[in-house]
Amino acid sequence: MKTEITGKTLKALGFAEGKILGLALEILKNNFQDIEANEVQKLLKKVKNYPENFLDDEILSVLATAIIEEANPRSDGIIELIANAKTYTVFGEGYIEDGAKNQMNIAMKLPVTEAGALMPDAHQGYGLPIGGVLATRNAIIPYGVGVDIGCRMALSIFDIPEKYYFGKDAMYKRELIAHTKFGAGQNYSGNERADHDILDSDDFNATPFLKNLHGKAWAQLGTSGGGNHFVEWGIIDFAERDEILNIDKGRYVALLTHSGSRGFGATVAGQYTKIAKEICKLPKEAINLAYLDMNSAEGQEYWIAMNLAGDYASACHEVIHKKLTKAIGAKVLVKVENHHNFAWKETLNGEELIVHRKGATPAGKGVMGIIPGSMTAPGFLVRGKGETSSINSASHGAGRLMSRTKAIQSITKSDMKAILKDHNVTLIGAGLDEAPMAYKDINQVMAAQTELVDVIAKFEPKMVRMADDGSRED
DNA sequence: ATGTAC
């Protein structure tokens, strides 16, 4: 920290005297040495106001936990957790932090839980860990799906051999910039707005709450948002012909997108988590796993809203893919897409269950999926093997190695430039928190899930667009 | 991940 922040400054930020102020000062003593004091102040203010967003932060989680605990004193009428919970399978045991395992242990103790699994890219999240799969009996957990409902991958493989990509950087860059929009709160207005059948879905009329969100959904249709979302050109390599996809051995130009249901889904998630927490009182350690009975009005409303958010996320990808396919004048040979933040009704060992995948790729037998690496590491087109112990699931990426805060502190701009140059990747936007070094090694993660998926083809990013880091600043 | 409220 370039200037000292005192207890007085913290009090002005709203930190109450006592344990929390002490913890904050302790953290400041040992961290953020290279960061401007006003940046650190902004960060602390965020922790104070939105502590739930910092529960997986290596440095700030202690402070965030203390703030949440102080605001949520224990109350009565609480649903009891199960003492001897069922076990679950962990894939890639060695790569997974304790925080994620602890969260999964708690999720297994819910009275509605039937089975669980942890994917090799798992890390601590909010409620259910990212990379957590949970099968419940007739209950839906809004935070078992996550804030970005229907967050998904979409891949279009074009009839363009690799050799026609090179030398056309300017064209690919121009179209990528012209037809994508990034950053929290970003939208289109007037005639810029995209059209899609999803806008006519009768489900927008299911409740007044959903009806109110139609305008926002329309304006944000075809936008990508922020965080780890991206739109990228790359080369996909089929080492051999795939009969099922009917695609020959070779290297093709492809488009890969990662984004979700934008403000629409986030609003649905926030609303129904709040409702679930009011109805379903759980002990403090499980508070974010509040669930809705599928037979209740609220449960049914969430189910409709969640599915609409999933279809909306899919529509956003479709709009982006259509615009870019047209812009480069290509024909799509194969399209593959999959949600990785969602819940499905699936049959497991003869019983119909609600399978929540929060940052996990569906991997039922023969089911196609996409597991991205990072902006420089390869992604993989996979085919599920239908492994029951993973509840027909696989990882949804490499998983973070560093929290965003840690990445910003420890990775430099020149580190980032060097690794991009090394891999011959052009980057538009993105902050240091999305640097490849902030992610686990995708090859290790793939090696930990050979029982779960077969690799069909390998995707190498060539030109990546993400949100500018400025778009996340307050 | 989102975008409001501090």
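The values are calculated or read from the model by the stated rules, or taken from the named source; none is laboratory data. Keep in mind that what you see is a predicted model, and the values were worked out from it rather than measured. For neighbour counting, all protein chains shown are included, and Cβ atoms are generated from backbone atoms with ideal geometry for every residue, glycine included. Accessible surface areas use protein heavy atoms only, side chains included; no ligands, DNA or RNA. Shrake-Rupley method; radii C 1.70, N 1.55, O 1.52, S 1.80 Å.
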Check your understanding: If you scan region A:1-39, which residues turn out to be under 16 Å from A:V62 (Cα atoms), in a helix (DSSP H, G or I) and out of contact with any Asp or Glu (no Cβ under 7 Å at 6 or more places or on another chain)?
Key -> A:K19, A:L21, A:G22, A:L23, A:A24, A:L25, A:E26, A:I27, A:L28, A:K29, A:N30
Point to revise | The listed residue being more than 12 Å from DNA strand B (Cβ to nearest atom) and crowded, with 19+ Cβ neighbours inside 10 Å, out of A:L210, A:L245 | key: A:L210
Exercise for review: Assess whether A:R383 counts as being crowded, with 18+ Cβ neighbours inside 10 Å and within 16 Å of DNA strand B (Cβ to nearest atom).
Suggested key: no
Point to revise | Residue that is farthest from the chain's Cα centre (by Cα), among those in region A:34-59 that are surrounded by fewer than 18 Cβ atoms within 10 Å (Cβ to Cβ) and near DNA strand B (Cβ under 9 Å from one of its atoms) | key: A:K45
Practice item. Name the strands (runs of 3 or more DSSP E) wholly inside region A:73-192 in which the number of residues that are away from DNA strand B (no atom under 15 Å from the Cβ) and either open to solvent by 70 Å² or more (accessible area, probe 1.4 Å) or under 23 Å from A:L427 (Cβ atoms) (or both) is 1 or more. Key: A:152-161
Practice item. Could you check A:Q444 against (1) in contact with a strand residue (DSSP E or B) (Cβ under 9 Å, 6 or more places away or on another chain); (2) not aliphatic (A, V, I, L, M); (3) not in a helix (DSSP H, G or I) and say which number it fails? Key: (3)
Review point. Going through region A:393-414 one residue at a time, which ones are open to solvent by less than 50 Å² (accessible area, probe 1.4 Å) and more than 29 Å from A:Y252 (Cα to Cα)?
Key: A:M402, A:S403, A:T405, A:A407, A:I411
**Study point:** Selection from region A:382-417 of residues that are part of a loop (DSSP other than H, G, I, E, B), more than 14 Å from A:D57 (Cα to Cα) and hydroxyl-bearing (S, T, Y)
**Key:** A:T412
Revision key, fill the gap. Checking A:K365, A:K345, A:K331 in turn, the sole residue that is open to solvent by 10 Å² or more (accessible area, probe 1.4 Å) and in contact (Cβ under 8 Å) with a residue 60 or more places away in the chain turns out to be A:K331
Check your understanding: Residue check: is A:S390 farther than 22 Å from A:L155 by Cα and more than 16 Å from DNA strand B (Cβ to nearest atom)?
Key -> yes
**Study point:** region A:415-430: number of residues that are open to solvent by 30 Å² or more (accessible area, probe 1.4 Å) and among the small types (G, A, S)
**Key:** 1
Point to revise | Unique match (being among the aromatic types (F, W, Y), under 18 Å from A:Y312 (Cα atoms) and over 23 Å from the mean Cα position of the chain (by Cα)) among A:F182, A:F204 | key: A:F204
Review point. Touching a Ser or Thr at 6+ places or on another chain (Cβ under 7 Å) and either open to solvent by 30 Å² or more (accessible area, probe 1.4 Å) or away from DNA strand B (no atom under 16 Å from the Cβ) (or both): does that describe A:L255?
Key: yes
